[in-house]
Amino acid sequence: MANSKSIPEIEQEIVEDFSLFDSWDDKYEYIIDLGKKLPPLEDVFKKEENKVKGCQSTVWLVADYQDGKVLYKAESDAIIVKGLISMLIRVLSNHTPDEILSTDMDFINKIGMTSHLAQTRSNGLRAMVKQMKHYALAFKSSRFKV
């Protein structure tokens, strides 16, 4: 599944999606719906080394590298967090390590997410982004060792 849109284009789509909702109750419902649409992560990946450190909820995150692009899969035991990781996957998956590493994920602020999440969830969101960028950096570094 090739991704023909750039990270900024996808971020803008998410900002536009969120602008359609008047209240944060509606926005949370949308996030929950995104989480429900996230494909389940295979049980083989649900192990300690794939857990995102810094999340209060359990989040498993794995990445693969195919044709110069990073592909992410994840799951969480918390429905809101599952929706958040779903958005991050939508933005970052199927892009090059350089694209992933150079993005500032500004859409998170633009949709008001950081100011509407509890501190622990906000920390978890940052931890998920950090882990996704670590995977991208690892794939970028490993390709030069070949």
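The values are calculated or read from the model by the stated rules, or taken from the named source; none is laboratory data. In this text the structure is predicted, and so the values were computed from the model without any measurement. As a convention, Cβ positions derive from the backbone with ideal geometry for all residues, glycine included, and neighbour counts pool all protein chains shown. For accessibility, only protein heavy atoms count, side chains too; no ligands or nucleic acids. Shrake-Rupley method; radii C 1.70, N 1.55, O 1.52, S 1.80 Å.
Key figures for this structure:
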| item | result |
| --- | --- |
| Tally of residues being within 12 Å of residue 72 (Cα to Cα) and basic (Lys, Arg) across region 115-133 | 1 |
| Residue among 43, 77, 33 that is under 24 Å from residue 138 (Cβ atoms) and charged (D, E, K, R) | 43 |
| Set 65, 135, 72: member being in contact (Cβ under 8 Å) with a residue 12 or more places away in the chain, hydroxyl-bearing (Ser, Thr, Tyr) and closer than 15 Å to residue 10 by Cβ | 72 |
| Residue in region 105-125 that is of a type in the set (D, E, K, R) and open to solvent by less than 40 Å² (accessible area, probe 1.4 Å) present | no |
| Residue in region 84-95 that is open to solvent by 50 Å² or more (accessible area, probe 1.4 Å), modelled with pLDDT of 95 or more and out of contact with any Leu (no Cβ under 6 Å at 6 or more places or on another chain) present | yes |
| When residues of region 29-56 are limited to those that are within 15 Å of the chain's Cα centre (by Cα), open to solvent by 30 Å² or more (accessible area, probe 1.4 Å) and closer than 18 Å to residue 131 by Cα, the one modelled with the lowest pLDDT | 54 |
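Per-residue answers, yes or no, for (1) among the hydrophobic types (A, V, I, L, M, F, W, C); (2) in contact (Cβ under 8 Å) with a residue 12 or more places away in the chain:
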residue: 20; (1), (2): yes, no
residue: 37; (1), (2): no, yes
residue: 44; (1), (2): yes, no
residue: 49; (1), (2): no, no
residue: 54; (1), (2): no, yes
residue: 59; (1), (2): yes, yes
